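Taking it in order: structure first as C-alpha coordinates, then the write-up.
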Amino acid sequence: MDSELNAAVRALAMGGRVLERVLDDMTLAQYRVLAIIASSSERANRLAEKANLTRPSLSGLLDGLVARGWVQRVDVDGDRRGVTLELTAAGRTAVNGADRAMTARLEELLLDAGDERTRVLDGLNALGRTLRGGQHATAPG
(Lines give C-alpha, C1' and ligand atoms only; values in the text may rest on other atoms or scores of the structure.)
Protein backbone atom coordinates (compact mmCIF):
# COMPACT_ATOMS: atom_id res chain seq x y z
CA MET A 1 0.00 0.00 0.00
CA ASP A 2 1.30 3.45 -0.93
CA SER A 3 1.93 5.24 2.37
CA GLU A 4 1.31 8.68 0.84
CA LEU A 5 -2.08 7.58 -0.48
CA ASN A 6 -2.91 5.99 2.85
CA ALA A 7 -2.00 9.21 4.66
CA ALA A 8 -4.13 11.21 2.19
CA VAL A 9 -7.13 8.92 2.76
CA ARG A 10 -6.80 9.34 6.50
CA ALA A 11 -6.46 13.11 6.16
CA LEU A 12 -9.64 13.26 4.04
CA ALA A 13 -11.55 11.14 6.54
CA MET A 14 -10.36 13.30 9.44
CA GLY A 15 -11.04 16.50 7.50
CA GLY A 16 -14.59 15.43 6.77
CA ARG A 17 -15.20 14.80 10.44
CA VAL A 18 -13.61 18.11 11.47
CA LEU A 19 -15.85 19.99 9.04
CA GLU A 20 -18.98 18.07 10.01
CA ARG A 21 -18.48 19.05 13.65
CA VAL A 22 -19.06 22.73 12.81
CA LEU A 23 -22.42 22.00 11.19
CA ASP A 24 -25.08 22.91 13.71
CA ASP A 25 -28.11 21.18 12.34
CA MET A 26 -27.18 19.04 9.35
CA THR A 27 -24.98 16.12 8.42
CA LEU A 28 -22.25 16.19 5.80
CA ALA A 29 -24.43 13.99 3.55
CA GLN A 30 -27.28 16.51 3.84
CA TYR A 31 -24.85 19.32 3.07
CA ARG A 32 -23.57 17.51 -0.05
CA VAL A 33 -27.10 17.09 -1.36
CA LEU A 34 -28.10 20.66 -0.56
CA ALA A 35 -24.95 22.02 -2.22
CA ILE A 36 -25.61 20.02 -5.38
CA ILE A 37 -29.22 21.18 -5.56
CA ALA A 38 -28.07 24.76 -4.90
CA SER A 39 -25.90 24.66 -8.01
CA SER A 40 -28.83 23.53 -10.21
CA SER A 41 -32.20 21.89 -9.71
CA GLU A 42 -31.85 18.15 -10.24
CA ARG A 43 -33.91 15.04 -10.76
CA ALA A 44 -33.41 12.45 -8.04
CA ASN A 45 -31.62 9.87 -10.19
CA ARG A 46 -29.02 12.43 -11.35
CA LEU A 47 -28.69 13.78 -7.82
CA ALA A 48 -27.97 10.28 -6.48
CA GLU A 49 -25.12 9.94 -8.97
CA LYS A 50 -23.68 13.37 -8.18
CA ALA A 51 -23.96 12.89 -4.40
CA ASN A 52 -22.51 9.38 -4.62
CA LEU A 53 -25.51 7.87 -2.83
CA THR A 54 -27.75 4.92 -3.55
CA ARG A 55 -31.34 5.75 -4.50
CA PRO A 56 -32.74 4.35 -1.22
CA SER A 57 -30.25 6.38 0.84
CA LEU A 58 -31.03 9.51 -1.15
CA SER A 59 -34.78 8.95 -0.79
CA GLY A 60 -34.58 8.91 3.00
CA LEU A 61 -32.25 11.88 3.08
CA LEU A 62 -34.55 13.87 0.76
CA ASP A 63 -37.60 13.07 2.88
CA GLY A 64 -35.78 14.62 5.83
CA LEU A 65 -34.73 17.70 3.85
CA VAL A 66 -38.30 18.19 2.58
CA ALA A 67 -39.67 17.78 6.12
CA ARG A 68 -37.26 20.47 7.35
CA GLY A 69 -38.47 22.80 4.62
CA TRP A 70 -35.06 22.99 2.92
CA VAL A 71 -35.97 21.22 -0.35
CA GLN A 72 -39.12 21.09 -2.42
CA ARG A 73 -40.18 18.64 -5.09
CA VAL A 74 -41.45 20.31 -8.26
CA ASP A 75 -43.38 18.47 -10.97
CA VAL A 76 -41.85 18.52 -14.45
CA ASP A 77 -44.22 19.86 -17.10
CA GLY A 78 -45.14 17.19 -19.61
CA ASP A 79 -43.75 14.32 -17.52
CA ARG A 80 -46.30 12.80 -15.12
CA ARG A 81 -43.64 10.99 -13.12
CA GLY A 82 -40.92 13.61 -13.43
CA VAL A 83 -39.92 15.62 -10.37
CA THR A 84 -37.05 18.02 -9.90
CA LEU A 85 -35.62 19.08 -6.57
CA GLU A 86 -35.09 22.71 -5.64
CA LEU A 87 -33.89 24.55 -2.57
CA THR A 88 -36.38 26.63 -0.67
CA ALA A 89 -35.37 30.00 0.78
CA ALA A 90 -34.78 28.22 4.11
CA GLY A 91 -32.64 25.62 2.33
CA ARG A 92 -30.53 28.31 0.70
CA THR A 93 -30.07 29.96 4.11
CA ALA A 94 -29.06 26.60 5.62
CA VAL A 95 -26.51 25.76 2.91
CA ASN A 96 -25.06 29.29 2.98
CA GLY A 97 -24.68 29.07 6.77
CA ALA A 98 -22.97 25.69 6.45
CA ASP A 99 -20.66 27.10 3.76
CA ARG A 100 -19.65 29.96 6.06
CA ALA A 101 -19.10 27.70 9.08
CA MET A 102 -16.99 25.14 7.22
CA THR A 103 -15.01 27.80 5.34
CA ALA A 104 -14.20 29.53 8.63
CA ARG A 105 -13.07 26.22 10.14
CA LEU A 106 -10.86 25.42 7.15
CA GLU A 107 -9.37 28.90 7.36
CA GLU A 108 -8.53 28.25 11.04
CA LEU A 109 -6.87 24.96 10.13
CA LEU A 110 -4.85 26.59 7.35
CA LEU A 111 -3.44 29.24 9.69
CA ASP A 112 -0.91 26.61 10.76
CA ALA A 113 -0.11 25.63 7.17
CA GLY A 114 2.10 28.67 6.56
CA ASP A 115 3.73 28.47 3.15
CA GLU A 116 1.85 25.23 2.40
CA ARG A 117 -1.55 27.00 2.43
CA THR A 118 -1.66 27.63 -1.32
CA ARG A 119 -0.51 24.12 -2.15
CA VAL A 120 -3.10 22.59 0.17
CA LEU A 121 -5.90 24.66 -1.37
CA ASP A 122 -4.70 23.92 -4.90
CA GLY A 123 -4.66 20.20 -4.10
CA LEU A 124 -8.12 20.25 -2.51
CA ASN A 125 -9.57 22.18 -5.44
CA ALA A 126 -7.96 19.78 -7.93
CA LEU A 127 -9.45 16.86 -6.00
CA GLY A 128 -12.84 18.56 -6.07
CA ARG A 129 -12.65 18.94 -9.85
CA THR A 130 -11.73 15.27 -10.17
CA LEU A 131 -14.60 14.19 -7.93
CA ARG A 132 -17.10 16.37 -9.77
CA GLY A 133 -15.96 14.74 -13.00
CA GLY A 134 -17.60 11.59 -11.63
CA GLN A 135 -15.36 9.25 -13.59
CA HIS A 136 -14.47 7.20 -10.52
CA ALA A 137 -17.68 7.56 -8.50
CA THR A 138 -19.35 4.55 -6.97
CA ALA A 139 -22.49 4.74 -4.90
CA PRO A 140 -21.97 3.40 -1.39
CA GLY A 141 -24.91 3.26 0.98
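Taking a ≥ b ≥ c as the square roots of the eigenvalues of the Cα gyration tensor of the range 1-54, is the shape rounded (a/c under 1.5), prolate (a/b larger than b/c) or oblate? Oblate, since a/c reaches 1.5 and b/c is not below a/b. Taking a Cβ cut-off of under 12 Å around ASN45, the surrounding Lys, Arg, Asp and Glu residues balance to a net charge of +3, with basic ones at +1 and acidic ones at -1.
Tell me the net charge near VAL33. Cut-off is 15 Å between Cβ atoms, VAL33 excluded, with +1 for each Lys or Arg and -1 for each Asp or Glu. Before the final figure, lay out the partial values.
Working: positive: ARG32, ARG43, ARG46, LYS50, ARG55, ARG68, ARG73, ARG92, ARG132; negative: GLU20, ASP25, GLU42, GLU49, ASP63, GLU86, ASP99.
The answer is +2.
Using only Cα atoms, what is the ratio of the radius of gyration of the range 1-135 to 2.2 N^0.38 Å?
Values: Rg = 16.9 Å, N = 135, 2.2 N^0.38 = 14.2 Å.
My calculation over the Cα atoms of the range 1-135 gives 1.19.
Extending 7 Å from the Cα toward the beta-carbon at both LEU111 and GLU86 defines two label points whose distance is 4.1 nm. Note on ASP25: accessible area approximately 80 square angstrom, rounded to 10, probe 1.4 Å, nucleic acids and ligands left out.
So how much slack lies between LEU28 and GLU4, counting 0.36 nm per residue of separation and subtracting their Cα-Cα distance, in nm? Don't skip to the end; give the middle numbers.
Working: separation 24, 0.36 × 24 = 8.64 nm, distance 2.52 nm.
Going from the current span to full extension adds 6.1 nm.
The values are calculated or read from the model by the stated rules, or taken from the named source; none is laboratory data. Here the structure is a predicted model, which means the values were calculated and not measured. Quick reminder, even Gly has a Cβ in these numbers, built from the backbone with ideal geometry, and neighbours come from all protein chains shown. Protein only, heavy atoms only, side chains kept; ligands, DNA and RNA dropped before computing areas. Shrake-Rupley method; radii C 1.70, N 1.55, O 1.52, S 1.80 Å.
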